[in-house]
1. Work through the residues other than V321 whose Cβ is under 12 Å from its Cβ and net out their charges, Lys, Arg +1 and Asp, Glu -1.
2. Give me the distance in nm between label points sitting 7 Å out from Cα along the Cα-to-Cβ direction at I418 and D77, one decimal.
3. With a Förster radius of 51 Å, plug the Cβ-Cβ distance of D447 and D173 into 1/(1 + (r/R0)^6) and report the FRET value to the nearest 0.05.
4. To the nearest 0.05, how large is the calculated FRET efficiency for E305 and S24 if R₀ is 56 Å and r is the Cβ-Cβ distance?
5. Calculate, for D407 and A440, the FRET efficiency according to 1/(1 + (r/R0)^6) with r their C-beta to C-beta distance and R0 25 Å; round to the nearest 0.05.
6. At 1.4 Å probe size, with no ligands or nucleic acids counted, give the accessible surface of I157 in Å², nearest ten.
7. Apply the Karplus curve 6.51 cos²θ - 1.76 cosθ + 1.60, θ = phi - 60°, to the phi angles in the stretch 315-321 and return the couplings in whole Hz, x for Gly and Pro.
8. What is the P(r) of the stretch 315-457, as percent of Cα-Cα pairs per 10 Å bin from 0?
Amino acid sequence: MTDVFMPRLSDTMTEGAIAQWLKSEGDTVKRGDVIAEIETDKAVMDLEAYEGGVLEKILVQPGENVAIGAPIAVIGDGSGAGSSDGAGDAAAAPSAEPEAAPAEAADEEAPTGEAAAPAEAAEAGEAPAETAQAKPAETAQTPADESEAPAASGSKIKATPLVRSLARTHGIDLATVTGSGPSGRIVRADIEQLIGSGSKPAAAPAAPTAPEPQAAPAAASAAPVGTPQPDDEVVPMSQIRKVTARRLTEAALVPVFQLTSVVDASRLTEVRRDINTRLADAGVKVSVNDLIVRAVAVALALHPEANASFGGDAILQHKHVNVGVAVALDDGLVVPVVKDADKKSVTAIGAEVKDLATRARAGRLKLDEMSGGTISVSNLGMFGVDQFTAVINPPEAIIVAVGGTADEAVVVDGEVKIRPRTRLTITVDHRVLDGAGAAAFLKDLTDLLTEPLRILV
(Lines give C-alpha, C1' and ligand atoms only; values in the text may rest on other atoms or scores of the structure.)
Protein backbone atom coordinates (compact mmCIF):
# COMPACT_ATOMS: atom_id res chain seq x y z
CA MET A 1 0.00 0.00 0.00
CA THR A 2 1.38 3.36 -0.97
CA ASP A 3 0.11 6.75 -0.03
CA VAL A 4 -0.12 9.43 -2.67
CA PHE A 5 0.78 12.83 -1.26
CA MET A 6 0.06 16.37 -2.34
CA PRO A 7 3.28 17.23 -4.19
CA ARG A 8 5.05 20.54 -4.26
CA LEU A 9 4.68 21.68 -7.85
CA SER A 10 5.85 25.25 -7.72
CA ASP A 11 8.26 27.36 -5.74
CA THR A 12 5.51 29.36 -4.08
CA MET A 13 3.10 26.52 -3.52
CA THR A 14 2.13 25.81 0.09
CA GLU A 15 -1.06 23.92 -0.58
CA GLY A 16 -2.88 22.53 -3.57
CA ALA A 17 -6.36 21.54 -4.61
CA ILE A 18 -7.50 18.57 -6.63
CA ALA A 19 -8.92 19.98 -9.85
CA GLN A 20 -10.24 16.57 -10.80
CA TRP A 21 -9.46 12.91 -10.42
CA LEU A 22 -8.80 11.19 -13.73
CA LYS A 23 -8.99 7.75 -12.13
CA SER A 24 -11.70 6.33 -9.88
CA GLU A 25 -11.44 4.17 -6.83
CA GLY A 26 -10.91 0.60 -7.97
CA ASP A 27 -9.16 1.58 -11.20
CA THR A 28 -5.89 -0.09 -12.05
CA VAL A 29 -3.07 2.39 -12.57
CA LYS A 30 0.41 2.02 -13.91
CA ARG A 31 3.46 3.93 -12.81
CA GLY A 32 3.46 7.18 -14.77
CA ASP A 33 -0.29 7.25 -15.39
CA VAL A 34 -1.83 10.67 -14.88
CA ILE A 35 -4.28 10.06 -12.08
CA ALA A 36 -5.35 13.62 -11.23
CA GLU A 37 -5.05 17.28 -12.08
CA ILE A 38 -3.83 19.53 -9.30
CA GLU A 39 -4.50 23.23 -9.11
CA THR A 40 -1.41 24.94 -7.74
CA ASP A 41 -0.95 28.59 -7.00
CA LYS A 42 0.01 29.15 -10.61
CA ALA A 43 -1.52 26.57 -12.86
CA VAL A 44 -3.24 23.24 -13.22
CA MET A 45 -0.73 20.42 -13.44
CA ASP A 46 -0.87 16.68 -13.95
CA LEU A 47 -0.18 14.28 -11.11
CA GLU A 48 1.34 11.00 -12.19
CA ALA A 49 1.25 7.78 -10.23
CA TYR A 50 4.65 6.99 -8.84
CA GLU A 51 3.66 3.40 -8.24
CA GLY A 52 1.47 0.92 -10.07
CA GLY A 53 -1.47 -0.89 -8.51
CA VAL A 54 -5.07 -0.19 -7.75
CA LEU A 55 -6.36 3.21 -6.71
CA GLU A 56 -7.97 1.95 -3.54
CA LYS A 57 -9.03 5.14 -1.88
CA ILE A 58 -9.39 8.81 -2.72
CA LEU A 59 -8.86 10.87 0.42
CA VAL A 60 -9.29 14.37 -0.97
CA GLN A 61 -12.18 15.40 -3.15
CA PRO A 62 -12.00 17.86 -6.07
CA GLY A 63 -11.94 21.44 -4.88
CA GLU A 64 -10.48 20.65 -1.46
CA ASN A 65 -7.26 22.41 -0.48
CA VAL A 66 -4.65 20.42 1.40
CA ALA A 67 -1.12 21.21 2.49
CA ILE A 68 1.93 19.95 0.65
CA GLY A 69 2.75 16.47 1.89
CA ALA A 70 -0.77 15.61 2.99
CA PRO A 71 -2.02 12.20 1.80
CA ILE A 72 -4.59 12.50 -0.95
CA ALA A 73 -5.06 8.89 -2.07
CA VAL A 74 -3.98 5.33 -1.51
CA ILE A 75 -2.66 2.93 -4.13
CA GLY A 76 -2.62 -0.71 -3.10
CA ASP A 77 -2.71 -4.21 -4.48
CA GLY A 78 -6.45 -4.26 -4.89
CA SER A 79 -7.13 -6.23 -1.76
CA GLY A 80 -8.64 -3.20 -0.09
CA ALA A 81 -6.20 -3.32 2.76
CA GLY A 82 -4.95 0.10 1.86
CA SER A 83 -8.37 1.66 2.10
CA SER A 84 -8.67 1.07 5.77
CA ASP A 85 -5.17 2.40 6.28
CA GLY A 86 -5.98 5.49 4.36
CA ALA A 87 -7.28 7.37 7.32
CA GLY A 88 -4.48 6.18 9.47
CA ASP A 89 -2.04 7.37 6.89
CA ALA A 90 -2.84 10.83 7.99
CA ALA A 91 -0.02 10.04 10.30
CA ALA A 92 2.21 10.48 7.33
CA ALA A 93 1.03 14.03 7.03
CA PRO A 94 2.83 15.23 10.10
CA SER A 95 6.17 14.23 8.75
CA ALA A 96 5.51 15.97 5.49
CA GLU A 97 3.85 19.04 6.94
CA PRO A 98 6.78 20.18 9.01
CA GLU A 99 8.94 20.01 5.95
CA ALA A 100 6.55 22.03 3.87
CA ALA A 101 6.60 24.91 6.28
CA PRO A 102 10.29 25.70 6.03
CA ALA A 103 10.19 25.26 2.33
CA GLU A 104 7.45 27.79 2.13
CA ALA A 105 9.36 30.29 4.15
CA ALA A 106 12.24 30.03 1.78
CA ASP A 107 9.93 30.44 -1.16
CA GLU A 108 8.37 33.57 -0.02
CA GLU A 109 11.53 35.51 -0.11
CA ALA A 110 13.02 33.81 -2.97
CA PRO A 111 12.58 35.62 -6.15
CA THR A 112 9.54 34.67 -7.96
CA GLY A 113 11.17 31.43 -8.31
CA GLU A 114 12.11 32.79 -11.61
CA ALA A 115 14.63 30.94 -13.44
CA ALA A 116 15.40 28.12 -15.70
CA ALA A 117 16.68 28.09 -19.12
CA PRO A 118 14.63 27.46 -22.17
CA ALA A 119 15.18 24.38 -24.23
CA GLU A 120 13.94 22.32 -21.35
CA ALA A 121 10.45 21.71 -22.44
CA ALA A 122 10.89 18.05 -21.94
CA GLU A 123 12.12 18.50 -18.43
CA ALA A 124 9.49 20.99 -17.61
CA GLY A 125 6.93 18.57 -18.78
CA GLU A 126 8.25 16.06 -16.31
CA ALA A 127 8.08 18.45 -13.45
CA PRO A 128 4.83 17.25 -12.03
CA ALA A 129 5.82 13.65 -12.19
CA GLU A 130 9.16 14.29 -10.65
CA THR A 131 7.82 16.28 -7.79
CA ALA A 132 4.98 13.93 -7.18
CA GLN A 133 7.32 11.03 -7.01
CA ALA A 134 9.79 12.71 -4.78
CA LYS A 135 7.42 13.41 -1.92
CA PRO A 136 5.96 10.01 -1.43
CA ALA A 137 9.17 8.27 -2.07
CA GLU A 138 11.01 9.63 0.87
CA THR A 139 8.06 9.68 3.16
CA ALA A 140 7.32 6.07 2.54
CA GLN A 141 10.84 4.78 2.41
CA THR A 142 12.90 7.07 4.55
CA PRO A 143 11.43 8.06 7.83
CA ALA A 144 12.98 10.92 9.61
CA ASP A 145 16.41 9.43 9.88
CA GLU A 146 17.79 10.93 6.72
CA SER A 147 16.15 14.26 7.06
CA GLU A 148 19.14 15.73 8.79
CA ALA A 149 21.61 14.65 6.18
CA PRO A 150 20.83 17.13 3.50
CA ALA A 151 22.75 17.60 0.34
CA ALA A 152 24.83 20.30 1.89
CA SER A 153 26.76 17.69 3.82
CA GLY A 154 27.86 16.22 0.57
CA SER A 155 27.51 12.78 2.02
CA LYS A 156 24.16 11.85 0.61
CA ILE A 157 22.35 13.84 -1.98
CA LYS A 158 18.68 13.10 -2.45
CA ALA A 159 17.48 14.26 -5.81
CA THR A 160 15.70 12.85 -8.81
CA PRO A 161 17.40 12.47 -12.17
CA LEU A 162 15.44 15.47 -13.41
CA VAL A 163 16.72 17.67 -10.61
CA ARG A 164 20.26 16.44 -11.19
CA SER A 165 19.94 17.17 -14.88
CA LEU A 166 18.60 20.66 -14.22
CA ALA A 167 21.43 21.36 -11.79
CA ARG A 168 23.99 20.05 -14.28
CA THR A 169 22.60 22.25 -17.04
CA HIS A 170 23.00 25.35 -14.90
CA GLY A 171 26.32 24.41 -13.35
CA ILE A 172 24.93 24.01 -9.86
CA ASP A 173 26.73 21.75 -7.43
CA LEU A 174 24.05 19.80 -5.62
CA ALA A 175 26.38 19.27 -2.70
CA THR A 176 26.00 22.96 -1.90
CA VAL A 177 22.22 22.91 -2.03
CA THR A 178 20.02 22.44 0.99
CA GLY A 179 16.92 20.57 -0.03
CA SER A 180 13.53 21.80 1.07
CA GLY A 181 11.78 18.52 0.44
CA PRO A 182 11.03 15.86 3.00
CA SER A 183 14.16 14.47 4.61
CA GLY A 184 16.28 17.11 2.95
CA ARG A 185 15.46 15.97 -0.56
CA ILE A 186 16.42 18.52 -3.19
CA VAL A 187 13.37 19.29 -5.29
CA ARG A 188 13.09 21.05 -8.60
CA ALA A 189 11.89 24.26 -6.95
CA ASP A 190 15.13 24.45 -4.93
CA ILE A 191 17.16 24.49 -8.12
CA GLU A 192 14.88 26.91 -9.88
CA GLN A 193 15.09 29.20 -6.91
CA LEU A 194 18.86 29.25 -7.15
CA ILE A 195 18.76 29.88 -10.86
CA GLY A 196 16.26 32.65 -10.34
CA SER A 197 18.41 34.29 -7.71
CA GLY A 198 21.37 34.04 -10.04
CA SER A 199 23.47 32.71 -7.19
CA LYS A 200 24.06 29.20 -8.51
CA PRO A 201 26.10 26.99 -6.19
CA ALA A 202 26.77 29.75 -3.78
CA ALA A 203 23.06 29.87 -3.47
CA ALA A 204 23.37 28.98 0.14
CA PRO A 205 24.39 32.52 0.87
CA ALA A 206 21.25 33.58 -0.86
CA ALA A 207 19.93 32.95 2.56
CA PRO A 208 20.49 36.61 3.25
CA THR A 209 17.31 37.23 1.40
CA ALA A 210 15.54 34.95 3.81
CA PRO A 211 14.83 37.61 6.34
CA GLU A 212 13.17 39.71 3.71
CA PRO A 213 10.44 37.32 2.85
CA GLN A 214 9.54 36.76 6.39
CA ALA A 215 8.54 40.35 6.64
CA ALA A 216 6.19 39.86 3.74
CA PRO A 217 3.87 37.38 5.36
CA ALA A 218 3.75 39.55 8.39
CA ALA A 219 2.69 42.48 6.33
CA ALA A 220 0.19 40.36 4.52
CA SER A 221 -1.46 39.34 7.72
CA ALA A 222 -1.40 42.93 8.89
CA ALA A 223 -3.17 44.13 5.79
CA PRO A 224 -6.74 45.22 6.35
CA VAL A 225 -9.30 42.51 5.74
CA GLY A 226 -12.93 43.24 4.97
CA THR A 227 -15.70 42.02 7.20
CA PRO A 228 -18.57 40.40 5.28
CA GLN A 229 -21.88 42.16 5.56
CA PRO A 230 -25.17 40.22 5.51
CA ASP A 231 -25.86 41.10 1.88
CA ASP A 232 -22.30 40.46 0.67
CA GLU A 233 -21.58 37.49 -1.54
CA VAL A 234 -18.48 35.66 -0.33
CA VAL A 235 -16.50 34.38 -3.31
CA PRO A 236 -13.66 32.00 -2.33
CA MET A 237 -10.28 33.03 -3.71
CA SER A 238 -8.58 30.75 -6.19
CA GLN A 239 -5.02 29.62 -5.55
CA ILE A 240 -3.76 32.03 -8.20
CA ARG A 241 -5.68 34.93 -6.69
CA LYS A 242 -4.29 34.14 -3.24
CA VAL A 243 -0.74 34.18 -4.56
CA THR A 244 -1.41 37.36 -6.51
CA ALA A 245 -2.66 39.03 -3.35
CA ARG A 246 0.27 37.84 -1.29
CA ARG A 247 2.89 38.85 -3.81
CA LEU A 248 1.39 42.28 -4.34
CA THR A 249 1.54 42.80 -0.59
CA GLU A 250 5.17 41.73 -0.60
CA ALA A 251 5.83 44.13 -3.45
CA ALA A 252 4.53 46.97 -1.30
CA LEU A 253 7.56 46.47 0.94
CA VAL A 254 9.95 47.25 -1.90
CA PRO A 255 11.13 50.88 -2.03
CA VAL A 256 10.33 52.01 -5.55
CA PHE A 257 10.14 55.09 -7.70
CA GLN A 258 8.54 55.70 -11.07
CA LEU A 259 9.68 57.42 -14.24
CA THR A 260 7.53 58.23 -17.25
CA SER A 261 8.46 58.89 -20.85
CA VAL A 262 6.44 59.61 -23.96
CA VAL A 263 7.15 57.72 -27.17
CA ASP A 264 6.41 59.10 -30.61
CA ALA A 265 4.83 55.94 -31.98
CA SER A 266 4.73 57.03 -35.63
CA ARG A 267 7.50 54.72 -36.77
CA LEU A 268 6.39 51.98 -34.41
CA THR A 269 2.94 51.76 -35.98
CA GLU A 270 4.42 52.02 -39.48
CA VAL A 271 6.91 49.23 -38.88
CA ARG A 272 4.27 47.00 -37.37
CA ARG A 273 1.95 47.61 -40.33
CA ASP A 274 4.77 46.93 -42.78
CA ILE A 275 5.74 43.67 -41.07
CA ASN A 276 2.17 42.40 -41.01
CA THR A 277 1.60 43.36 -44.64
CA ARG A 278 4.76 41.70 -45.90
CA LEU A 279 4.30 38.53 -43.85
CA ALA A 280 0.54 38.21 -44.21
CA ASP A 281 0.88 35.32 -46.67
CA ALA A 282 2.92 33.43 -44.11
CA GLY A 283 0.23 33.96 -41.51
CA VAL A 284 2.60 36.05 -39.38
CA LYS A 285 1.18 38.89 -37.37
CA VAL A 286 2.89 40.93 -34.68
CA SER A 287 1.36 43.37 -32.24
CA VAL A 288 2.66 46.62 -30.83
CA ASN A 289 3.16 44.75 -27.57
CA ASP A 290 5.44 42.24 -29.31
CA LEU A 291 7.60 45.11 -30.54
CA ILE A 292 7.63 46.60 -27.05
CA VAL A 293 8.70 43.28 -25.49
CA ARG A 294 11.52 43.03 -28.00
CA ALA A 295 12.55 46.66 -27.40
CA VAL A 296 12.52 46.14 -23.61
CA ALA A 297 14.78 43.12 -24.03
CA VAL A 298 17.23 44.98 -26.26
CA ALA A 299 17.29 47.98 -23.94
CA LEU A 300 17.86 45.77 -20.90
CA ALA A 301 20.74 44.03 -22.63
CA LEU A 302 22.31 47.47 -23.05
CA HIS A 303 21.96 48.09 -19.31
CA PRO A 304 23.23 45.03 -17.42
CA GLU A 305 23.05 47.02 -14.18
CA ALA A 306 19.28 47.08 -14.61
CA ASN A 307 19.07 43.37 -15.39
CA ALA A 308 19.47 42.60 -11.72
CA SER A 309 17.73 41.73 -8.46
CA PHE A 310 18.09 42.67 -4.83
CA GLY A 311 19.86 39.84 -3.02
CA GLY A 312 19.94 40.99 0.57
CA ASP A 313 23.52 42.18 0.97
CA ALA A 314 24.33 41.87 -2.72
CA ILE A 315 23.01 42.79 -6.14
CA LEU A 316 22.38 39.77 -8.35
CA GLN A 317 23.18 40.61 -11.96
CA HIS A 318 21.54 38.18 -14.35
CA LYS A 319 23.20 36.73 -17.43
CA HIS A 320 19.97 36.21 -19.35
CA VAL A 321 17.39 38.73 -20.46
CA ASN A 322 14.02 37.15 -19.71
CA VAL A 323 10.93 39.30 -20.19
CA GLY A 324 7.76 38.50 -18.27
CA VAL A 325 4.49 39.50 -19.90
CA ALA A 326 1.60 40.11 -17.53
CA VAL A 327 -1.54 38.17 -18.48
CA ALA A 328 -4.77 38.89 -16.64
CA LEU A 329 -6.94 35.89 -15.88
CA ASP A 330 -10.44 35.80 -14.47
CA ASP A 331 -9.08 34.58 -11.17
CA GLY A 332 -5.74 36.34 -10.91
CA LEU A 333 -2.64 37.48 -12.70
CA VAL A 334 0.18 35.40 -14.11
CA VAL A 335 3.40 36.46 -15.78
CA PRO A 336 4.69 33.94 -18.31
CA VAL A 337 8.26 34.59 -19.34
CA VAL A 338 9.88 34.92 -22.77
CA LYS A 339 13.36 33.57 -22.13
CA ASP A 340 16.36 35.17 -23.83
CA ALA A 341 14.06 37.67 -25.50
CA ASP A 342 17.02 39.80 -26.58
CA LYS A 343 18.15 36.94 -28.82
CA LYS A 344 14.77 36.31 -30.47
CA SER A 345 13.15 38.01 -33.44
CA VAL A 346 9.98 40.03 -33.09
CA THR A 347 8.01 37.38 -34.94
CA ALA A 348 9.36 34.64 -32.68
CA ILE A 349 8.49 36.70 -29.62
CA GLY A 350 5.02 37.37 -31.02
CA ALA A 351 4.34 33.68 -31.58
CA GLU A 352 5.69 32.77 -28.14
CA VAL A 353 3.69 35.43 -26.31
CA LYS A 354 0.52 34.36 -28.08
CA ASP A 355 1.10 30.73 -27.16
CA LEU A 356 1.97 31.53 -23.55
CA ALA A 357 -1.05 33.78 -23.11
CA THR A 358 -3.38 31.19 -24.59
CA ARG A 359 -2.09 28.46 -22.31
CA ALA A 360 -2.06 30.80 -19.32
CA ARG A 361 -5.78 31.40 -19.76
CA ALA A 362 -6.29 27.65 -19.97
CA GLY A 363 -4.24 27.13 -16.81
CA ARG A 364 -1.77 25.02 -18.76
CA LEU A 365 1.50 26.82 -18.21
CA LYS A 366 4.41 24.87 -16.88
CA LEU A 367 6.31 26.17 -13.89
CA ASP A 368 9.38 26.72 -15.99
CA GLU A 369 7.40 29.02 -18.26
CA MET A 370 6.46 31.29 -15.38
CA SER A 371 9.85 31.55 -13.79
CA GLY A 372 13.14 33.21 -14.51
CA GLY A 373 11.86 36.66 -15.45
CA THR A 374 14.35 39.52 -15.05
CA ILE A 375 11.96 42.30 -16.07
CA SER A 376 8.23 42.50 -16.73
CA VAL A 377 5.94 44.31 -19.13
CA SER A 378 2.34 45.19 -18.30
CA ASN A 379 0.26 46.66 -21.11
CA LEU A 380 -3.19 48.11 -20.51
CA GLY A 381 -3.25 50.16 -23.69
CA MET A 382 -5.83 47.89 -25.28
CA PHE A 383 -8.24 48.88 -22.51
CA GLY A 384 -7.97 52.55 -23.36
CA VAL A 385 -5.70 53.35 -20.43
CA ASP A 386 -3.45 56.31 -21.27
CA GLN A 387 -0.91 55.88 -18.49
CA PHE A 388 -0.48 53.91 -15.27
CA THR A 389 2.11 52.66 -12.83
CA ALA A 390 2.52 48.92 -12.39
CA VAL A 391 3.34 47.14 -9.13
CA ILE A 392 6.85 45.76 -9.28
CA ASN A 393 7.24 41.99 -9.58
CA PRO A 394 9.87 41.05 -6.97
CA PRO A 395 12.72 40.27 -7.24
CA GLU A 396 12.86 41.97 -10.62
CA ALA A 397 14.23 45.50 -10.55
CA ILE A 398 11.95 47.03 -13.17
CA ILE A 399 8.46 46.65 -14.56
CA VAL A 400 7.37 48.60 -17.63
CA ALA A 401 3.77 49.85 -17.75
CA VAL A 402 2.54 50.60 -21.25
CA GLY A 403 -0.40 52.88 -21.95
CA GLY A 404 -2.47 53.18 -25.10
CA THR A 405 -1.46 54.96 -28.29
CA ALA A 406 -3.40 58.10 -29.13
CA ASP A 407 -3.03 60.98 -31.56
CA GLU A 408 -1.82 64.16 -29.89
CA ALA A 409 -0.91 67.63 -31.07
CA VAL A 410 2.83 68.14 -30.61
CA VAL A 411 5.37 70.69 -31.74
CA VAL A 412 7.78 69.24 -34.33
CA ASP A 413 10.43 71.49 -35.84
CA GLY A 414 8.51 74.57 -34.80
CA GLU A 415 5.19 73.35 -36.20
CA VAL A 416 2.19 71.79 -34.51
CA LYS A 417 1.62 68.31 -35.87
CA ILE A 418 -0.55 65.34 -35.00
CA ARG A 419 1.45 62.34 -33.87
CA PRO A 420 0.51 59.00 -32.26
CA ARG A 421 2.07 58.89 -28.81
CA THR A 422 2.42 56.23 -26.13
CA ARG A 423 3.38 56.67 -22.49
CA LEU A 424 5.75 54.31 -20.74
CA THR A 425 6.12 54.29 -16.97
CA ILE A 426 8.76 52.20 -15.28
CA THR A 427 8.55 51.22 -11.62
CA VAL A 428 12.04 50.67 -10.25
CA ASP A 429 13.42 48.90 -7.17
CA HIS A 430 15.48 51.70 -5.65
CA ARG A 431 17.64 49.18 -3.79
CA VAL A 432 18.96 47.94 -7.12
CA LEU A 433 18.93 50.98 -9.33
CA ASP A 434 19.15 54.73 -8.82
CA GLY A 435 17.30 57.40 -10.73
CA ALA A 436 20.06 58.16 -13.21
CA GLY A 437 20.56 54.50 -14.16
CA ALA A 438 16.85 53.93 -14.51
CA ALA A 439 16.48 57.09 -16.59
CA ALA A 440 19.24 55.94 -18.93
CA PHE A 441 17.45 52.63 -19.43
CA LEU A 442 14.14 54.38 -20.09
CA LYS A 443 15.74 56.77 -22.54
CA ASP A 444 17.25 53.95 -24.57
CA LEU A 445 13.94 52.09 -24.50
CA THR A 446 12.13 55.20 -25.71
CA ASP A 447 14.68 55.76 -28.47
CA LEU A 448 14.37 52.15 -29.64
CA LEU A 449 10.61 52.44 -29.89
CA THR A 450 10.90 55.76 -31.68
CA GLU A 451 13.18 54.14 -34.27
CA PRO A 452 12.04 50.50 -34.09
CA LEU A 453 14.14 49.33 -37.05
CA ARG A 454 16.96 49.12 -34.53
CA ILE A 455 15.24 46.25 -32.75
CA LEU A 456 14.72 44.29 -35.94
CA VAL A 457 18.40 43.80 -36.66
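1. That works out to +2.
2. My value for the distance between the label points is 8.3 nm.
3. 0.75
4. E(calc), rounded to 0.05, equals 0.50.
5. Using R0 = 25 Å, I get an efficiency of 0.30.
6. So the heavy atoms of I157 present about 50 Å² to solvent.
7. Working through the residues one at a time gives 9, 9, 8, 8, 9, 10, 9 Hz.
8. P(r) over the stretch 315-457, rounded to whole percents: 11, 36, 37, 14, 3, 0.
The values are calculated or read from the model by the stated rules, or taken from the named source; none is laboratory data. Remember, it's a predicted structure, so these values are computed and weren't measured experimentally. Heads up, the Cβs are rebuilt from the backbone with ideal geometry, glycines too, and the neighbour counts pull from every protein chain shown. For the accessible areas, the whole protein counts, side chains as well, though only heavy atoms, and no ligand, DNA or RNA atoms are used. Shrake-Rupley method; radii C 1.70, N 1.55, O 1.52, S 1.80 Å.
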